[in-house]
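Undergrad: Please see the structure below; I have some questions.
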Amino acid sequence: MELDELKVAWTELDNRLKRNEELKESIILEMMKSKAGKLVNRFITGEMIAVVFLLLMIPLIIFELDKMGGKNWAMDTTLFFTLAVCFVYPFWGIFKTHGLMKFDITKNVGNNILSMNRYRIQLNREKKFLYYFVGPVFVILGLSTYAVRKVTFSLWSLLICVFIAAGLITYWSYKYYNKSIDSILKSLDEIRELKEE
């Protein structure tokens, strides 16, 4: 009699442990999904803010060209280059955002991993283009504009500080993006492992 009761109690305890384990796994799964979803939403928000900001810069640059155009070739070249960047980047930002919007945490994990890897590749291309083309062109144009205008030493100091700050902000923002993408991919791998179990 006691042996039968012990078997029933043991089976009940075993069932409770299994339910607890399943509950823990589902809680962990939901937490990882939530974390990955929030980071992707931050990426999308950041991309859209950059697109809107650059689109709003276009009329300001055109106004500045209309007001100061023709007085200084270096300033005109800088404004035209900035206008070109402000016109082209929104298309690139929308393209990246479109790829991110395919990320759906409730659907296939493999597609989400593919989406994040694609976004990482796009960010790396953007970073190289920014580091090796856009950044140096802005530095050269900024220095030539200041040289032509023969500005004071304090303005030269300000320009150098702006270039250093822009470089550091760019470096740290790409580092943050890569760290966040690694975190999302780690969460997606863990979600896939939990689903396979």
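Undergrad: What do you reckon, is LYS127 of a type in the set (Lys, Arg), touching a helix residue (DSSP H, G or I) at 6+ places or on another chain (Cβ under 7 Å), farther than 18 Å from THR82 by Cβ and assigned to a helix (DSSP H, G or I)?
TA: On the way: of a type in the set (Lys, Arg): yes; touching a helix residue (DSSP H, G or I) at 6+ places or on another chain (Cβ under 7 Å): yes; farther than 18 Å from THR82 by Cβ: yes; assigned to a helix (DSSP H, G or I): yes.
Spelling it out, LYS127 is indeed of a type in the set (Lys, Arg), touching a helix residue (DSSP H, G or I) at 6+ places or on another chain (Cβ under 7 Å), farther than 18 Å from THR82 by Cβ and assigned to a helix (DSSP H, G or I).
Undergrad: Further question: If you check SER187 against the conditions, is it more than 30 Å from ASN72 (Cβ to Cβ) and out of contact with any Gly (no Cβ under 9 Å at 6 or more places or on another chain)?
TA: Judged against the criteria, SER187 is a match.
Undergrad: Go through PHE138, PHE95 for me and flag whichever is modelled with pLDDT of 90 or more and either surrounded by 11 or more Cβ atoms within 10 Å (Cβ to Cβ) or assigned to a helix (DSSP H, G or I) (or both).
TA: Details: PHE138 fails: modelled with pLDDT of 90 or more.
Residue meeting the stated conditions: PHE95.
Undergrad: Could you tell me which of the residues SER187, SER154 is part of a helix (DSSP H, G or I) and in contact (Cβ under 8 Å) with a residue 40 or more places away in the chain? Spell out the reasoning first.
TA: Values: SER154 fails: in contact (Cβ under 8 Å) with a residue 40 or more places away in the chain.
Just one listed residue meets the conditions, SER187.
Yes/no per residue for (1) touching a residue at least 12 places away in the same chain (Cβ under 8 Å); (2) among the β-branched types (Val, Ile, Thr):
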site	(1), (2)
LYS102	yes, no
ASN108	no, no
ILE113	yes, yes
ARG118	yes, no
ILE121	no, yes
ARG125	no, no
LYS128	no, no
VAL139	yes, yes
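Undergrad: Among the listed residues VAL109, VAL40, VAL52, identify the single one that is hydrophobic (A, V, I, L, M, F, W, C), surrounded by fewer than 17 Cβ atoms within 10 Å (Cβ to Cβ) and either on the phi < 0 side of the Ramachandran plot or at pLDDT below 85 (or both).
TA: Values: VAL109 fails: surrounded by fewer than 17 Cβ atoms within 10 Å (Cβ to Cβ); VAL40 fails: surrounded by fewer than 17 Cβ atoms within 10 Å (Cβ to Cβ).
Only one candidate passes the filter, namely VAL52.
Undergrad: Just give me the residues in the range 112-135 being over 15 Å from ILE181 (Cβ atoms) and surrounded by fewer than 14 Cβ atoms within 10 Å (Cβ to Cβ), in sequence order.
TA: The answer is LYS128, PHE129, TYR132, PHE133.
Undergrad: Do we have any residue at all in the range 159-177 that's closer than 20 Å to LEU100 by Cα, touching a residue at least 24 places away in the same chain (Cβ under 8 Å) and part of a helix (DSSP H, G or I)?
TA: yes
The values are calculated or read from the model by the stated rules, or taken from the named source; none is laboratory data. Here the structure is a predicted model, which is why all the values come from computation and not from measurement. All Cβ positions, glycine included, derive from the backbone under ideal geometry; neighbour counts span all protein chains shown.
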